[in-house]
Each structure stands twice: as C-alpha cells, then as structure tokens.
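A quick write-up on the structure given underneath.
The values are calculated or read from the model by the stated rules, or taken from the named source; none is laboratory data. Since this is a predicted model, take the numbers as computed values, not measurements. Because the Cβ atoms are built from the backbone with ideal geometry, glycine has one as well, and the counts that use them run over all protein chains shown.
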Amino acid sequence: MSPKFLFVLSARYPTEKAYGVTIGRTCQALRQLGIDASIIAPNLSERETDIFGNKVINLMSDRTFFKFMYKKAIANPRNYVLWQLALGFYISLRFRKDKYNFCFRDAYIALIPSLILRKSNHIIEIHHSLSSTKAILGKVLIRLRNVRIVYISQYLLDRNQPKRGRKRVQVIGMGVPEEFFTKNRTSIEGEISICFLGKGKSNGNSNGIDHFVEQITQINLKKRTSLTFIGLNDKELEVRIENILGSASNVRLSFVDHLSHDRVPQSLSNYHVGLIPYPDTDFHRDRFPIKILEYAALGLNILISDSKIHRALIPKDCAFFYNPTENKSLELAINEMFNRQTSLAKRDRAYKWVSSFTYQNRAKKYLKLLDS
C-alpha cells in the first residue's frame, strides 16, 4: 500500500489563490487514484474538508502557540521563516511514527522533517525564484535520497537549479480541471470579445492592466471590440480604466464581480479571447498563470504579452503574442484574430497542448517522481 500523502502549507487554506487551487486539486486527484491524501495548514474556515472533499487538518485548532506564531508571521514577514521552521519541527514530532509522502511549498518547512523523518519521502514544490539562502538549502536537501524537488516551469528550473544535481528534480506544471475542457467553442464573428480574469495587482505588483488599456486606445481595430474585466475588485482601477478609454468608439467596456472558481468555466465560455498582459518583471518571470491553461481548455484564443517566461510556458503557435512596448504589435495581434482560419488553428493547437495539463496527469507525475 502506498504511503499517505500530506500537503503541508504555512499559508492560509482554503483559498482561491493559485497555490490553494493547485494543492487542493492535486490532493483530490491523488485520492481519485486511490491514494490517502490530505492537507495540513492554517485553516481559517475551521471546516474539516475543503470544496474538493479533501481532509484539512487545522493548525489553528486549539493551538495557542501556532495562532500566535501565524499572526506574528502575517504582521511581519521577517517572522515568517521562524513560523515555517516551527511548523517543520511540529510536523517532525507529530508524524514521526508513520511513513508519509510529504509535500512542502517551502524549503524552510522541509528542512527539519527531511533530516529527522528519513523513512518518509519529502517533495519540495518551488513556485518562485529562490533566495540565496534557500538556494543553498536546496542544494543541501537534494543530496538526501528521500528528497525530491519540483519546479512549476522549465524556466524556473533553469533559473534556480544547476544542471548538475538534477537527478531527483522534475518540472511539474500547473493544472486545469476537467470541467474546463469543452468542445462547445464559438468562432469570432463580428465583434471580438476579450476578457481578463483576475486582479489588477498580484502581491502588490501590477498585472499590466492599465498599460494594456492605454495601448488599445491608440491602435486601429478592424472591428468593434468588447473588453471585460472579471474579478478586478478594485474600484480605483476601474475608474482609471474608464477614464483612459474615455469615448473610444471601437471598444465596449464592462466589469464583472469576482467569481468563485466553480463558476469560471461557464462565465469564460461567453468570450472569444483570454487576455494575459503581465509585464516582463522579476515577479512575473516566476509565475505560471493558471488562466493560460483555463483559457486554452475552454477554447478561447489567447492574447498574451511577449516575454521569455510566456514563450517558455506556451508554444508560439498556440497564442497571439504582442509586445507591450509597441502599439503596432498589439494592433497586428488583435486584427489577426479576425482571420477565422488563423484563430481557429491557434485555438485548436492550444486545446491539444493543454490536454496534458490535467490534475490526474499532475498526480501521476508526483507518483512517478517518487519512483525515481
């Protein structure tokens, strides 16, 4: 019988942030494969299961010390490392008698369990570039036979992991739920509808929304275009977007409130194009936007800013790339979508490409990694 899987999180859970959806869905997929999998995290909802049916062990339940440490960590990022080390120590004590497959999202949490719980396997899933301290820690931990490291993109792996020492290192990308896959895809006829799903900022970093809107007002579009922002939840940004567009006669603007994740497929299916306007910054170079996969699975054409990370994530023949610094580039990309043959071909290639990014496949890659 396969050892149980336990996903260990130092950040709050459940959450609709990308890490929460990814961990929750991966845990669910493992259970569907017959694996005993659960999650341990600061569970602010205090429910015993999440929306995916996963068991959630609550670190906050009747543990005054953890409540104190978590509040300190949230109030001051400098305390976060202490919180993660304390969590790792607690994991080592609580689960020392059983063999587990642990999955951590940070090397600091994994440090003590990896050294103490030598009969268990330890997977560290990396979502961001490593600091110098974490890079050194990663080099030390990967020498342990019971440790595996996962990066969510090849680009992130190449930036952080030396080519030597990749024996137990693997790229496992993000995933998209099966309910997003649909063949009821509509062709672009007449007005082209572009949507953006998400917030105007991520962790305080601009997602490039206002810059895109400025660009679209300065180009010549062949046909009328509608632009919809879903879940911005930022009234100040919405007003700024309205002011930028002004009386632009060729762009129809609308805003939609935040949607729960289960409502996203039905909502996005009403549009032709999914937008990803992220600027080429250090913060965004680490990201693997789940919306790339969601757009592709739902049969939307993808309009995406041209950057090294975006080129590394999605094949060039599956999306319409544009240069955020050149208005003409955006104009050509949007007007090219009105070519029905071109837009259908890119959409179909993207649909085939994304078919391998299911959470079932993600879970199987985890199991295969443990055999390496």
**Asked** Inside segment 64-81, can you point out the residues that are surrounded by 14 or more Cβ atoms within 10 Å (Cβ to Cβ) and aliphatic (A, V, I, L, M)?
**Response** Met69, Ala73, Ile74, Val81
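Restrict the check to segment 293-308 and report whether at least one residue is surrounded by fewer than 16 Cβ atoms within 10 Å (Cβ to Cβ) and either in a helix (DSSP H, G or I) or at pLDDT below 95 (or both). Reasoning before the result, please.
Step one: list which residues in segment 293-308 are surrounded by fewer than 16 Cβ atoms within 10 Å (Cβ to Cβ), which gives 308.
Applying the additional criterion that residues be either in a helix (DSSP H, G or I) or at pLDDT below 95 (or both) yields 308.
Yes, that holds for at least one residue.
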**Prompt:** Can you tell me which residues in segment 325-365 are outside any helix (DSSP H, G or I) and touching an Asp or Glu at 6+ places or on another chain (Cβ under 9 Å)?
**Reply:** Thr358
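Among the residues of segment 166-203, count how many are of a type outside the set (Lys, Arg), assigned to a loop (DSSP other than H, G, I, E, B) and either modelled with pLDDT of 90 or more or more than 17 Å from the chain's Cα centre (by Cα) (or both).
Within segment 166-203, the subset of a type outside the set (Lys, Arg) is 169-182, 184, 186-198, 200, 202-203.
The next check asks that each one be assigned to a loop (DSSP other than H, G, I, E, B); those that pass are 172-175, 177, 181-182, 184, 186-191, 198, 200, 203.
Subset that is either modelled with pLDDT of 90 or more or more than 17 Å from the chain's Cα centre (by Cα) (or both): 172-175, 177, 181-182, 184, 186-191, 198, 200.
The total comes to 16.
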**Item:** segment 329-351 residues that are in the same structural domain as Ala319 (by TED's automatic domain parsing), paired with ones that are surrounded by 15 or more Cβ atoms within 10 Å (Cβ to Cβ) and of a type in the set (Ser, Thr, Tyr) (beta carbon under 6 Å, 6 or more apart)
**Value:** Ser329/Tyr322; Leu330/Tyr322; Ala333/Tyr322; Met337/Ser343
**Prompt:** Where in segment 4-63 are the strands (runs of 3 or more DSSP E), entirely inside, with at least 3 residues that are without any contact (Cβ under 8 Å) to a residue 24 or more places away in the chain, assigned by TED's automatic domain parsing to the domain that holds Lys364 and buried (at least 22 other Cβ atoms within 10 Å of the Cβ)?
**Reply:** none
**Prompt:** Going by the structure shown, is Lys368 assigned to a helix (DSSP H, G or I), farther than 25 Å from Ile216 by Cα, out of contact with any helix residue (DSSP H, G or I) (no Cβ under 7 Å at 6 or more places or on another chain) and not acidic (Asp, Glu)?
**Reply:** yes
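With the requirement that a residue be acidic (Asp, Glu) and assigned to a loop (DSSP other than H, G, I, E, B), what does segment 242-292 give you? Quick ask: steps written out before the conclusion?
Quick first cut of segment 242-292, residues acidic (Asp, Glu) only: 242, 257, 262, 280, 282, 286.
Listed by number, the residues that qualify are Asp257, Asp280, Asp286.
Conditions (1) out of contact with any Ser or Thr (no Cβ under 6 Å at 6 or more places or on another chain); (2) surrounded by 21 or more Cβ atoms within 10 Å (Cβ to Cβ), marked per residue:
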| site | (1), (2) |
| --- | --- |
| Ile91 | yes, yes |
| Arg94 | yes, no |
| Lys99 | no, no |
| Cys103 | yes, yes |
| Leu115 | yes, no |
| Ala135 | yes, no |
| Lys139 | yes, no |
| Tyr151 | yes, yes |
